[in-house]
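The values are calculated or read from the model by the stated rules, or taken from the named source; none is laboratory data. Remember, it's a predicted structure, so these values are computed and weren't measured experimentally. Heads up, the Cβs are rebuilt from the backbone with ideal geometry, glycines too, and the neighbour counts pull from every protein chain shown.
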Amino acid sequence: MGLFFNVSQKKLLQLRNDIFISIGIPALRNNGFDKAPFPESLFGKNNVGGDSYELCRVSKESQLEMITTHISKGDRWIKIFLNIFRLRPELRSLGQLKNIDGMQFRLPPNSRSQMRLDIDGFKGMPLFRTEEFKIKSFFTESGFQKRIEELGRLIERDLNNIDPFIQRWHELHQVMITSWDGKRIET
């Protein structure tokens, strides 16, 4: 028996995934996000031993707002990214993108405007950033449970209030105009 409470990497991965499935996805769905319509979009296990989820919505301005989440084996993070595109011709619903290859949305130059919510969305000195989508340090079983609950509350609060992150994205980036399959259109 060790001096400190220890949790396996497998259990940490499963707990973070459970938090995102039970709290994060419903919060995003309440804000109009749905599973990405592209056939190759990930929504569950990925091929590197973790989990990935891609959700999208069409904004009032007919922009494609994409949330991509990666929960990786071997760390304690839930990495949530936001990227926004203006599609030509204009997009009215996600259903219009069904069966279209969306790989270009994930590759450069399109991926360069991707913003990580808990890091890039922060205003102020990084030294003072205390809220991250991460299971923080713990030494006891009760401390571990407290960290899990904190992560769940943070995910719920931030994903239920996604619009300030979208506003922050617009402060940091300019919307790229692309075709429906993600190929950049020069203006």
- request: Restricting attention to the stretch 1-38, report how many residues are of a type in the set (S, T, N, Q) and not in a loop (DSSP other than H, G, I, E, B).
  value: 5
field: Breaking point among (1) closer than 21 Å to Arg112 by Cβ; (2) free of Cβ contacts under 8 Å to residues at least 12 places away in the same chain, for Pro26
entry: (1)
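Do the conditions hold for Ser59, that is, is it more than 22 Å from Arg157 (Cβ to Cβ) and either modelled with pLDDT of 90 or more or crowded, with 17+ Cβ neighbours inside 10 Å (or both)? Can you show your working first?
Values: more than 22 Å from Arg157 (Cβ to Cβ): no; either modelled with pLDDT of 90 or more or crowded, with 17+ Cβ neighbours inside 10 Å (or both): yes.
No: the conditions fail for Ser59.
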- line: Of the residues in the stretch 130-179, those that are among the polar types (S, T, N, Q) and in contact with a Lys or Arg (Cβ under 7 Å, 6 or more places away or on another chain) number 2
- prompt: Under the condition of being assigned to a loop (DSSP other than H, G, I, E, B) and touching a Ser or Thr at 6+ places or on another chain (Cβ under 7 Å), which residue from the stretch 157-186 is nearest to Ile23 (Cα to Cα)?
  reply: His173
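Among Ser41, Ser52, which is the only one that is of a type in the set (Gly, Ala, Ser), crowded, with 18+ Cβ neighbours inside 10 Å, outside any helix (DSSP H, G or I) and under 12 Å from the mean Cα position of the chain (by Cα)? Talk me through it step by step, then tell me what you get.
Working: Ser41 fails: under 12 Å from the mean Cα position of the chain (by Cα).
After applying the criteria, what remains is Ser52.
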- prompt: Scanning for something part of a loop (DSSP other than H, G, I, E, B), on the phi < 0 side of the Ramachandran plot and hydrophobic (A, V, I, L, M, F, W, C), does the stretch 80-88 turn up at least one residue?
  reply: no
task: Would you be able to tell me the number of residues in the stretch 92-116 that are surrounded by 19 or more Cβ atoms within 10 Å (Cβ to Cβ) and either in contact with a Pro (Cβ under 9 Å, 6 or more places away or on another chain) or part of a loop (DSSP other than H, G, I, E, B) (or both)?
output: 3
field: the stretch 153-165 - residue that is of a type outside the set (Asp, Glu) and surrounded by fewer than 18 Cβ atoms within 10 Å (Cβ to Cβ) and, of those, farthest from Asp101 (Cα to Cα)
entry: Arg153
- request: Kindly provide the set of residues from the stretch 172-187 that are farther than 15 Å from Leu97 by Cα, within 22 Å of the chain's Cα centre (by Cα) and surrounded by 10 or more Cβ atoms within 10 Å (Cβ to Cβ), ordered by number.
  value: Leu172, His173, Val175, Met176, Ile177
statement: Taking first residues from the stretch 164-187 that are polar (S, T, N, Q) and second residues anywhere that are surrounded by fewer than 16 Cβ atoms within 10 Å (Cβ to Cβ), the pairs with Cβ under 8 Å that are 6 or more apart or on different chains are Thr178/Arg88; Thr178/Arg184; Thr178/Ile185; Ser179/Arg88; Ser179/Ile185; Thr187/Ile177
query: Of the residues Ile71, Ile78, which single one is buried (at least 17 other Cβ atoms within 10 Å of the Cβ), touching a residue at least 60 places away in the same chain (Cβ under 8 Å), under 18 Å from Asp118 (Cβ atoms) and of a type outside the set (Phe, Trp, Tyr)?
result: Ile78
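Based on what the data block shows, is Glu65 buried (at least 19 other Cβ atoms within 10 Å of the Cβ), touching a helix residue (DSSP H, G or I) at 6+ places or on another chain (Cβ under 7 Å) and among the acidic types (Asp, Glu)? Explain how you work it out, then say what you get.
On the way: buried (at least 19 other Cβ atoms within 10 Å of the Cβ): yes; touching a helix residue (DSSP H, G or I) at 6+ places or on another chain (Cβ under 7 Å): yes; among the acidic types (Asp, Glu): yes.
Taking the combined requirement at face value, the residue satisfies it.
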